[in-house]
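Each remark here refers to the structure printed beneath this line.
The values are calculated or read from the model by the stated rules, or taken from the named source; none is laboratory data. For clarity, every value in this text was computed on a predicted model and none was experimentally measured. Cβ sites come from the backbone with ideal geometry, for glycine too, and all protein chains shown count toward neighbours.
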Amino acid sequence: MRDGPLRCLVKRVARWVQGADLALGRLVLRLEGEPLYRLEGACSGCGSCCEHPTVLLPRVLFRLRSYRSLLVAWHRWVNGLELELADRRSGALVFRCTHFDPATRACDSYASRPTMCRDYPRPLLYQAAPELFPACTHRVVYRHAARLEQALEDQDLPPEQLAELRRRLGLD
């Protein structure tokens with residue numbers, strides 16, 4: 001389902017508003033301190049993040065049925081995302097993208113993709129333990145990795161336990 005000119009225009013305006021909101025939100029977060037992680041690498045176009053785009057809502061907003069319905073309707077009408085799962089426990093709305101072609105692993109409306117697609121995986125940098133898809137060529141690196149590596153080396157740990165800690169802490 002390709003985007004027509006009107007949908008492209010609506011998306012462009014929404015992207016501008018969301019971009020301003022993201023910039024302001026990140027400024028506030030930066031004033032509180034840098035995120036614990038930084039992003040390295042580049043997108044290889046594997047399409048893993050496109051298969052099931054997910055929106056995480058705070059619990060309060062998730063419980064507001066009217067807000068949730070409005071958000072789902074927006075994503076369906078403007079972004080072409082069909083709701084597949086609403087997980088009450090985690091506050092996640094999991095969608096299926098109608099623009100994603102699983103055979104070619106490409107987006108048929110890449111130029112007009114929504115902000116959530118353009119910004120991925122940057123929002124993960126503010127999570128406690130960010131995890132990327134296995135096929136993703138981005139890397140999340142702990143900002144204080146050198147200090148943490150030194151602290152791990154100072155411990156008397158078996159090699160397999162050290163390797164597992166390094167993997168879980170994103171030091172590899």
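A few comments on the model shown:
- Selection of first residues in the range 12-26 that are within 22 Å of SER109 (Cβ to Cβ) and of second residues that are among the aliphatic types (A, V, I, L, M) and assigned to a helix (DSSP H, G or I), restricted to Cβ pairs under 7 Å at least 6 apart or on distinct chains, gives the following pairs, ordered by first then second residue: ALA14/VAL78.
So that you can scan it fast, the table gives a plain yes or no per residue for (1) exposed (fewer than 11 other Cβ atoms within 10 Å of the Cβ); (2) at pLDDT 90 or above; (3) farther than 17 Å from LEU124 by Cβ:
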residue: LEU6; (1), (2), (3): yes, no, yes
residue: LYS11; (1), (2), (3): no, no, yes
residue: VAL28; (1), (2), (3): yes, no, yes
residue: LEU36; (1), (2), (3): no, no, no
residue: LEU93; (1), (2), (3): no, yes, no
residue: THR104; (1), (2), (3): yes, yes, yes
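For every residue, the table says whether it meets (1) under 30 Å from THR137 (Cβ atoms); (2) part of a helix (DSSP H, G or I); (3) hydrophobic (A, V, I, L, M, F, W, C); (4) in contact with a Gly (Cβ under 7 Å, 6 or more places away or on another chain).
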position: ARG2; (1), (2), (3), (4): yes, no, no, no
position: TRP16; (1), (2), (3), (4): yes, yes, yes, no
position: LEU31; (1), (2), (3), (4): no, yes, yes, no
position: CYS43; (1), (2), (3), (4): yes, no, yes, no
position: VAL78; (1), (2), (3), (4): yes, yes, yes, no
position: SER90; (1), (2), (3), (4): yes, no, no, no
position: THR104; (1), (2), (3), (4): yes, no, no, no
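- Near pairs, Cβ below 8 angstrom, 6+ apart or cross-chain, from the range 69-83 (under 13 Å from PRO114 (Cα atoms)) to any residue that is of a type in the set (Asp, Glu) and surrounded by fewer than 17 Cβ atoms within 10 Å (Cβ to Cβ): ARG76/GLU82
- The range 127-145, subset in contact with a Lys or Arg (Cβ under 9 Å, 6 or more places away or on another chain) and not in a strand (DSSP E or B), residue surrounded by the fewest Cβ atoms within 10 Å (Cβ to Cβ): ALA129
- Close pairs from the range 156-168: first without any contact (Cβ under 8 Å) to a residue 40 or more places away in the chain, partner assigned to a helix (DSSP H, G or I) and not hydroxyl-bearing (Ser, Thr, Tyr), Cβ under 9 Å, at least 6 apart: LEU157/LEU165; LEU162/LEU152; LEU162/GLU153; LEU165/LEU152; ARG166/GLU149; ARG166/LEU152
- Any hit, the range 115-123, residues being of a type in the set (Val, Ile, Thr), out of contact with any Cys (no Cβ under 8 Å at 6 or more places or on another chain) and crowded, with 16+ Cβ neighbours inside 10 Å: yes
- Among the residues of the range 53-60, none qualifies, meaning not one is of a type in the set (D, E, K, R) and surrounded by 17 or more Cβ atoms within 10 Å (Cβ to Cβ).
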